[in-house]
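The values are calculated or read from the model by the stated rules, or taken from the named source; none is laboratory data. This is a predicted model, so every value here is computed, not measured. Here the Cβ positions follow ideal geometry from the backbone for every residue, glycine too, while neighbour counts run over all protein chains shown.
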Amino acid sequence: MKKRVLYRYNRNTLSYERIKKNWLQQIGQMTMILTATAFYGWGLWTLAAPESLRNYVAEKQLITAKIQETNQKLDLMGAALVDLKERDQNLYSPTLDLNQIDDSEWEYGVGGSVKHPELQQLQDGAALVEMAEKLQKIRHQMSMVAASQDKLLTKTSKAEKRMRAIPAIRPLLRLERALHLSSGFGMRRNPFNKSVWQMHPGIDLGAPMGAPIFATGDGTVVRVEHKRSGYGFNVVIDHGYGYKTLYGHMCLIDAKVGQKVQRGEIIGYVGSTGYSTSPHVHYEVFINNKRVDPEPYIADMTTEQIKTIAKSVDPEVSFSYKRRRSRRRR
């Protein structure tokens, strides 16, 4: 197409002169043309296009935006689930000795891709099918993570219960003398007949008369005795998992057979009943009905730490001494 040439009449020279435009004028003219065309198109669309068509286009744009937004959210959910799976495989399951999530089942253990012929026929069908497949995969992975978490919680609960049952604190707030200076586990001279050596099946922890005695682990009281010989007034707690503890020579028992006790709960008070030469608590630990040295089962806790444990069981607990003579709890 031949380029159009424009001329302008010059009254001074009485002749036609060719019009020359610089590049700024050309850009300005082109901008005006494009602007006018855009306004014309917008006006034509506004005035000529049916309202139903305009609504359809607006809805389609909205749907496309929502599909993109939903796909992005599903991607974020998928990444979060992968993070949970990695934590499960690298930390929780190995620590608690549980089976890990199977990788092949994780990637897709529900049998193939999603088939939605009704979606594939739509204009945005491919995007909708992709979103449906992501959603189904995420639901599958969420169910696997939930099942794994249930196993973790069950195992953790059992482990916590076992840990709370194992004797782990000393039965007194403080000792009159260091533990290694008290009468320990093993052979010793009979305190009443120094010429006789005999097995001492526990440890003797000296304390003032009437000092509170604490259960060293969760369990059930299975024996309460009020004897004038042997261990005197004593209590036996069955902690389960093969563990039992015995507390002897009390002046006052504050527990009864069948009672459920928790670590840090007061079960009696220091005395000198039975075969005893001074106020103390005779403490024994049994594993599968066999006496063992209790010292490894006594944590090195401060008085304040033991008080904190006792207050967690009974916020109103009193640590005052009971100096009354022994009595039986009905």
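Some values worked out for this structure:
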read-out: Residue within segment 255-267 that is on the phi > 0 side of the Ramachandran plot, without any contact (Cβ under 8 Å) to a residue 60 or more places away in the chain and touching a strand residue (DSSP E or B) at 6+ places or on another chain (Cβ under 8 Å) present; value: yes
read-out: Residues within segment 230-253 that are part of a loop (DSSP other than H, G, I, E, B) and either under 16 Å from Tyr283 (Cα atoms) or among the β-branched types (Val, Ile, Thr) (or both), tallied; value: 3
read-out: Selection status of Tyr269, modelled with pLDDT of 95 or more, of a type in the set (Ser, Thr, Tyr) and surrounded by 14 or more Cβ atoms within 10 Å (Cβ to Cβ); value: yes
read-out: So Gly232, is it small (Gly, Ala, Ser), farther than 22 Å from Ala168 by Cβ and under 39 Å from the mean Cα position of the chain (by Cα); value: no
read-out: Residue list for segment 273-317, filter: closer than 17 Å to Met250 by Cα and surrounded by fewer than 16 Cβ atoms within 10 Å (Cβ to Cβ); value: Thr277, Ser278
read-out: Residue match in segment 124-144 (condition: at pLDDT 75 or above and within 15 Å of the chain's Cα centre (by Cα)); value: no
read-out: Test: residue in segment 296-310 that is of a type in the set (Asp, Glu), at pLDDT 95 or above and on the phi < 0 side of the Ramachandran plot; value: no
read-out: Neighbours by Cβ (under 7 Å, 6+ apart or cross-chain): first from segment 279-291, in contact (Cβ under 8 Å) with a residue 40 or more places away in the chain; second basic (Lys, Arg); value: Glu284/Arg291; Phe286/Lys244
